[in-house]
1. Within segment 65-91, which residues are touching a helix residue (DSSP H, G or I) at 6+ places or on another chain (Cβ under 8 Å), over 18 Å from residue 118 (Cα atoms) and at pLDDT 75 or above?
2. Test of understanding: among 43, 56, which residue is in contact with a helix residue (DSSP H, G or I) (Cβ under 7 Å, 6 or more places away or on another chain) and modelled with pLDDT under 85?
3. Could you list, in sequence order, the residues of segment 105-135 that are surrounded by 14 or more Cβ atoms within 10 Å (Cβ to Cβ) and either modelled with pLDDT under 80 or over 21 Å from residue 203 (Cβ atoms) (or both)?
């Protein structure tokens, strides 16, 4: 791939990863609630879920998903139900988060971080829009004459995911930096979590009402 085309791919990927969505919302909410370590683990979970879509698209599963209305509908409802469930749990949370976990980081357990990682993984892996995004975005940078298209697809997906991980860790760091310096944010942590829950519910409902873009 020519360098200018590769540079265009990197810039486009960074801009797309900077756009807030369910993944960014989950990372920021975990960083605000439990500190930078939880935010980074959430970002790693999102990145792991993204690999599911990269490999699926590379072997043609995403093409099948886009062409099959029943397959899209099934995955869409699973993903929507999960987002609604996460949002409902956040809304039901009644314990105020008055202190950052940066101050109580030793209280975090491996089980807590494992749960954060797995929820991040599911948030991304169960979103069919991500699968269709890779199907539409990556092939634009793979010419018809390029040999080993599957390998090129996987390498571009890996590069996109690395860029996304860097951006997502940046989101987590920005959230912790803001919460550590703005008293209003620190005192209203439980309301922010409820707001995040409402937004997750909105993402889930939006996904449930979406149509197959190829239909």
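1. Passing the criteria: 77, 91.
2. On the way: 43 fails: modelled with pLDDT under 85.
Exactly one of 43, 56 is in contact with a helix residue (DSSP H, G or I) (Cβ under 7 Å, 6 or more places away or on another chain) and modelled with pLDDT under 85, namely 56.
3. Across segment 105-135, the qualifying residues are 108, 112, 113, 128, 129, 131, 132, 133, 134, 135.
The values are calculated or read from the model by the stated rules, or taken from the named source; none is laboratory data. Remember, predicted model here, so these are calculated numbers, not experimental data. Methodologically, a virtual Cβ is constructed for each residue, glycine included, from the backbone with ideal geometry; neighbour enumeration extends over all protein chains shown.
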